[in-house]
1. I want to confirm something. Restricting to the stretch 101-120 and keeping residues that are part of a loop (DSSP other than H, G, I, E, B) and among the aliphatic types (A, V, I, L, M), which single residue is nearest to MET136 (Cα to Cα)?
2. Please tell me if LEU67 is open to solvent by less than 50 Å² (accessible area, probe 1.4 Å), within 30 Å of MET164 (Cβ to Cβ) and of a type in the set (A, V, I, L, M).
3. Suppose we keep only residues that are open to solvent by less than 10 Å² (accessible area, probe 1.4 Å) and within 15 Å of the ligand (Cβ to nearest atom) within the stretch 200-228. Which one would you say is nearest to GLY262 (Cα to Cα)?
4. Identify all residues within the stretch 284-301 that are within 25 Å of the chain's Cα centre (by Cα) and not β-branched (Val, Ile, Thr); write none if there are none.
5. Within the stretch 177-187, can you find the residues that are open to solvent by 10 Å² or more (accessible area, probe 1.4 Å) and modelled with pLDDT of 80 or more?
6. For the stretch 271-286, enumerate the residues that are among the hydroxyl-bearing types (Ser, Thr, Tyr) and open to solvent by less than 10 Å² (accessible area, probe 1.4 Å).
7. Mind checking which pairs have a first residue in the stretch 48-70 that is touching a residue at least 40 places away in the same chain (Cβ under 8 Å) and a second that is of a type in the set (Val, Ile, Thr) and exposed (fewer than 11 other Cβ atoms within 10 Å of the Cβ), Cβ under 6 Å, 6 or more apart or different chains?
8. Residue by residue through the stretch 229-247, note down the ones that are open to solvent by 50 Å² or more (accessible area, probe 1.4 Å) and within 16 Å of the ligand (Cβ to nearest atom).
Amino acid sequence: MSQKEQDFNEFSTSTQPGTTTSKRRAWGILRTLAVGCLVVTAFNILFSRYFYTPKMYRLTARNKELLVKYRILHDKINEMSSTLDQIKHRDNSVYRPLFGIDTMSVPGIYTSYPESKYAPLQGYAYSELMTDTWMMMDQAARRLYLQSRSLDELQVLSADKEKMATALPAIMPINRKALHGDHIGAFGWRNHPIYHRYIFHKGIDLGSDRGTPVYSAGDGVVSFVNARGTGRRGYGRHIVIDHGFGYKTKYAHLHTVDVTEGQLVKRGELIGTVGNTGGSTGPHLHYEVLYMGTPVNPINYFRRDMASEDFERIVESANATTFETEFGTND
Ligand SMILES: [Zn+2]
């Protein structure tokens with residue numbers, strides 16, 4: 001071994017212990033760091049388990065606020081849906097029949113969207129509330145669409161509105177003051193007080209004194225008159241007026257008939273007087289509105305210009321009162 005090599009060896013062996021020390025020191029630092037990290041992490045986990053950080057406090061408060069807002073939204077949409085129910089009811093029972101058209105139906109309008117549409121809302125603490133809210137909102141949107149289509153249709157039909165407005169049976173055929181308030185017989189299925197079975201009453205009965213004037217409910221032509229009205233059955237003396245647009249009205253149990261077949265009449269024109277002829281047990285007017293031959297509830301056609309409490313009274317007092325020995329079965 002040359003001197004050079006010896007020197008080198010000595011040098012390398014002498015440097016060996018130095019390298020080991022620095023490695024150990026590095027490991028030591030790493031270990032300390034790792035342990036430190038673990039301790040900090042464990043502390044964090046424990047801390048966050050028992051205490052909120054300020055950020056979490058803020059988020060929790062915000063979360064509660066959002067939940068409250070969501071619930072309010074849910075209630076508001078619910079409220080809106082019931083308003084839509086009322087609009088739909090008015091549309092189907094008043095406005096559309098006024099123009100002589102049936103209830104509008106758009107296929108699938110009430111079918112819910114597939115559940116997959118609401119899948120992104122699943123898996124949260126308040127999924128049920130969120131899904132319900134969204135479903136109600138979707139339903140409301142569809143129903144609004146349906147209503148707007150219905151209005152479009154009515155708009156087209158209203159082109160003929162002036163003629164139609166005076167033709168439709170929109171007034172009560174006797175003076176309201178002449179009406180015996182609590183003696184209105186309701187339209188529809190009723191338990192007959194004499195026969196004790198359910199019979200369909202095709203009109204409403206307006207109790208009033210004999211001789212009370214009876215007016216045509218709308219412009220039209222007298223299409224049928226029975227001025228004899230003999231016997232104790234049926235409609236007695238009665239009049240049918242054809243108003244066009246699919247509408248007819250019938251005025252029965254009259255005392256006098258003051259029109260003839262084929263006569264043109266205006267709304268509010270005197271056509272006869274209240275009586276007790278035919279299958280009737282007391283003076284009253286049996287008044288029917290027929291649309292395409294089917295009896296409909298005349299109350300739905302009365303113009304709403306009467307005071308609303310008056311209208312409510314008429315609707316509410318329409319009860320099982322009857323003046324007829326038979327109804328619905330005659331004619
Ligand atoms: Zn009747």
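1. ILE109
2. The answer is no for LEU67.
3. Step by step, filter the stretch 200-228, then rank; the result is VAL214.
4. TYR291, PRO295, ASN297, PRO298, ASN300, TYR301
5. Scanning the stretch 177-187 gives LYS177, ALA178, LEU179, HIS180, ALA186, PHE187.
6. SER280
7. none
8. ARG232, ARG233, ARG237
The values are calculated or read from the model by the stated rules, or taken from the named source; none is laboratory data. This one's a predicted model, so the numbers in the text were calculated from it and none came from an experiment. Using ideal geometry, Cβ is built from the backbone for each residue, glycine included, and neighbour counts are taken over all protein chains shown. Ligands, DNA and RNA are excluded from the accessible area calculation, which covers all protein heavy atoms including side chains. Shrake-Rupley method; radii C 1.70, N 1.55, O 1.52, S 1.80 Å.
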